[in-house]
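Input: a single structure, listed below in structure tokens.
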Amino acid sequence: MLIAIAFSCSFLSCKKYLDKKSDSSLTVPKTLDELQGLFNDAQKMNFNLTPSMGESSADDYFLTQTSYDYLPTQPKEIYTWTLKVYNYANDWSANYLPVYNANFTLETLDKIPRTASNQTQWNQLKGYALFTRAFSFLNLAWEYAKAYDKSSSENDLGIVLRTTSDFNKPSKRASVEDTYRQIISDAEESAQLLPDVSANVLLPSRAASYGLLARTFLSMGQFDSALNYSTLCLNIKNDLLDYNDVSLTVNIPFTNFDNPEVIYYTEMNTYNTNHYSFTGFIDTTLYSMYKDDDLRKIGYFRFYNGYYRFKGAYTANSIYLFTGIATDEILLIRAECHARLGDIENAMKDLNTLMKRRWSNTVDYPEITATTSVEAINKILLERRKELLMRGIRWSDIKRLNKQGQNIIPKRNINGEILSLSANDKRYALPLPADIITSTGMVQN
């Protein structure tokens, strides 16, 4: 199998972060430097990468009837939760490519002795590979598996846990329990091997591993562990943008690689684009939740044809969406965990730490308070939705929160007919590609 290790990048600003390999020929990586080239290939490891079908299935946006009518059949089926058959290329293929690179790296490292002179690079490469596999597996689980439920996780179908680069090994779906255990194992080991921060945000770091673990345990409803890892992450990196210092009225208000909140940088793929700013509009009820002095109301949205479109991605781009790990998300994870564990004071402290930097400094900041854990949780979840929209998180949030009784029901208006997706419907585990099912014989969702 020939692997392209030449680095290519559509963003010129990438060049100052990653070295460009001069020989662009195909080769099989055998040395540490050549393995490094796999992770320097941001086109395959960071850009146009993370799943998009979940975001297109979620409830933070809507399509006008005109836009819906213009769509081909497959995007219409995604929008109305009726998709059954689709093939390559897709979220599945995009996210198993980094898994292949990760597995290839781990297998090649087994053939390269770890010595005193190379141990730093050797350890980092193993850490990169383990993090990459865990990050990809979680993204795939959020989309293709049921929400984690301890009572049924041993029997619920998860994803394929590819831990080898051998294509001849049959693909079988693991359980949800085994899926999450693999993610945790890989992410925890990666944290022991990586530096606190990497040379740039396109490469994994210990802070990113801790952030990934916080995401994972939050998805599992294991709030004590999510609290622990979110704190470890924030102990390394806790920078927050003050939106008062950002030119929010422009079409592209936020930077990407030098954004102080970004811990690890990835972008959502464009295989499913219903929710993208050139097609979809922000849900009107969601938009109405932003107060006038909330600077996100300016920085996240632009008015177009009577509605609002999203412009607030941390990608320095008007189209591509940020799906990496950032300090605002981790702070909200910690706030939610504090609230769920009964520590209202620290929950509100974390929430206000974030919100003060999102509020106009021309008025007094209205401190957010709560007297019960339930009130604190609800206020944190509201700000979580408003802060993290269009980051590839909402679909997994709907799934996990409905398991906790939130009864979130996405709806679509198609020619005046209201379609809805009830809580815990089996369609929240999105269908696997038909060609994968045909070639492997795996069970479909």
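The values are calculated or read from the model by the stated rules, or taken from the named source; none is laboratory data. Keep in mind it's a predicted model, so treat the numbers as computed, not measured. Positions of Cβ are generated from backbone atoms using ideal geometry, with glycine treated the same way; all protein chains shown enter the neighbour counts. Accessible surface is based on the protein model in full, side chains and every heavy atom, while ligands, DNA and RNA are left aside. Shrake-Rupley method; radii C 1.70, N 1.55, O 1.52, S 1.80 Å.
Pick from the range 221-246 the residues that are under 30 Å from residue 304 (Cα atoms) and touching a residue at least 24 places away in the same chain (Cβ under 8 Å): which of them is least open to solvent (accessible area, probe 1.4 Å)?
The first filter runs over the range 221-246 and keeps only residues under 30 Å from residue 304 (Cα atoms), leaving 240-246.
Among the residues that remain, those that are also touching a residue at least 24 places away in the same chain (Cβ under 8 Å) are: 240-244, 246.
On the way: 240: 35, 241: 31, 242: 51, 243: 2, 244: 46, 246: 30 Å².
Among those residues, the one meeting the criterion is 243.
Each row is one residue, and each column tells you yes or no for (1) part of a helix (DSSP H, G or I); (2) β-branched (Val, Ile, Thr).
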site: 140; (1), (2): yes, no
site: 150; (1), (2): no, no
site: 167; (1), (2): no, no
site: 184; (1), (2): yes, yes
site: 196; (1), (2): no, no
site: 199; (1), (2): no, no
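Please work out which residue is nearest to residue 366 (Cα to Cα), limiting yourself to the range 320-355 and to residues that are hydroxyl-bearing (Ser, Thr, Tyr) and open to solvent by 10 Å² or more (accessible area, probe 1.4 Å). Walk me through how you get there before you give the answer.
Narrowing the range 320-355 to residues hydroxyl-bearing (Ser, Thr, Tyr): 320, 323, 327, 353.
Okay, now just the ones that are also open to solvent by 10 Å² or more (accessible area, probe 1.4 Å), so 320, 353.
Details: 320: 33, 353: 12 Å.
Among those that are hydroxyl-bearing (Ser, Thr, Tyr) and open to solvent by 10 Å² or more (accessible area, probe 1.4 Å), it is 353.
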### Query
Given 71, 49, which one is modelled with pLDDT of 95 or more and open to solvent by 10 Å² or more (accessible area, probe 1.4 Å)?
71
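Counting just the residues of the range 367-403 that are of a type in the set (Lys, Arg) and assigned to a helix (DSSP H, G or I), which one comes out most open to solvent (accessible area, probe 1.4 Å)?
Pass one, the range 367-403, residues of a type in the set (Lys, Arg): 379, 384-386, 391, 394, 399-400, 403.
Remaining after also requiring assigned to a helix (DSSP H, G or I): 379, 384-386, 394, 399-400, 403.
Working: 379: 67, 384: 12, 385: 42, 386: 8, 394: 27, 399: 13, 400: 13, 403: 93 Å².
Ranking the candidates gives 403 first.
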### Near pairs, Cβ below 7 angstrom, 6+ apart or cross-chain, from the range 65-83 (within 17 Å of residue 54 (Cβ to Cβ)) to any residue that is outside any helix (DSSP H, G or I) and open to solvent by 30 Å² or more (accessible area, probe 1.4 Å)
80/419
### Query
Quick one: how many residues across the range 293-308 are open to solvent by less than 20 Å² (accessible area, probe 1.4 Å) and either basic (Lys, Arg) or under 13 Å from the mean Cα position of the chain (by Cα) (or both)?
1
### Summary
The residue from 270, 255, 249 that alone is open to solvent by 40 Å² or more (accessible area, probe 1.4 Å), within 16 Å of the chain's Cα centre (by Cα) and either over 30 Å from residue 152 (Cβ atoms) or not hydroxyl-bearing (Ser, Thr, Tyr) (or both) is 270
### Query
Residues of the range 273-292 being among the β-branched types (Val, Ile, Thr) and either under 20 Å from residue 368 (Cα atoms) or under 22 Å from the mean Cα position of the chain (by Cα) (or both), which ones?
273, 279, 282
### Query
If we keep just the residues of the range 151-185 that are in contact (Cβ under 8 Å) with a residue 60 or more places away in the chain, among the charged types (D, E, K, R) and surrounded by 16 or more Cβ atoms within 10 Å (Cβ to Cβ), which is nearest to residue 221 (Cα to Cα)?
173
### Task
Look at the range 335-356 and say how many of its residues are within 20 Å of residue 243 (Cβ to Cβ) and in contact with a helix residue (DSSP H, G or I) (Cβ under 6 Å, 6 or more places away or on another chain).
4
### Query
For the range 79-101, how many residues meet the condition of being open to solvent by 30 Å² or more (accessible area, probe 1.4 Å) and not hydroxyl-bearing (Ser, Thr, Tyr)?
5
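From the residues in the range 258-267 that are in contact with a strand residue (DSSP E or B) (Cβ under 6 Å, 6 or more places away or on another chain) and not in a strand (DSSP E or B), which one is surrounded by the most Cβ atoms within 10 Å (Cβ to Cβ)?
Here is the first cut: in the range 258-267, the residues in contact with a strand residue (DSSP E or B) (Cβ under 6 Å, 6 or more places away or on another chain) are 261-264, 266.
After this cut, where a residue has to be not in a strand (DSSP E or B) as well, the list is 261, 266.
Working: 261: 21, 266: 26.
Applying the filter and picking the extreme gives 266.
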### Message
Here's a check for you: in the range 409-439, which residue that is surrounded by 14 or more Cβ atoms within 10 Å (Cβ to Cβ) and of a type in the set (Gly, Ala, Ser) is farthest from residue 54 (Cα to Cα)?
### Response
434
### Summary
For the range 409-425, pairs from a residue that is touching a residue at least 24 places away in the same chain (Cβ under 8 Å) to a residue that is outside any loop (DSSP other than H, G, I, E, B) and open to solvent by 30 Å² or more (accessible area, probe 1.4 Å), with Cβ under 6 Å and 6 or more apart or across chains, are 411/418; 411/420; 412/419
### Query
Taking the range 99-128 only, how many residues are without any contact (Cβ under 8 Å) to a residue 40 or more places away in the chain and within 30 Å of residue 394 (Cα to Cα)?
1
### Task
Tell me which residues, restricted to the range 81-113, are assigned to a loop (DSSP other than H, G, I, E, B) and of a type outside the set (Val, Ile, Thr).
81, 83, 84, 86, 87, 88, 89, 90, 110, 111, 113
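Which residue, of 21, 76, 15, is in a helix (DSSP H, G or I), modelled with pLDDT under 95 and open to solvent by 20 Å² or more (accessible area, probe 1.4 Å)? Give the steps one after another, and end with the answer.
Details: 21 fails: in a helix (DSSP H, G or I); 76 fails: modelled with pLDDT under 95.
Exactly one residue qualifies, and that residue is 15.
Quick test for you: out of 111, 126, pick the one residue that is open to solvent by 10 Å² or more (accessible area, probe 1.4 Å) and either in contact with a Ser or Thr (Cβ under 7 Å, 6 or more places away or on another chain) or closer than 17 Å to residue 187 by Cβ (or both). It would help to see each step written out before you state the result.
Working: 111 fails: either in contact with a Ser or Thr (Cβ under 7 Å, 6 or more places away or on another chain) or closer than 17 Å to residue 187 by Cβ (or both).
Result of the check over 111, 126: 126.
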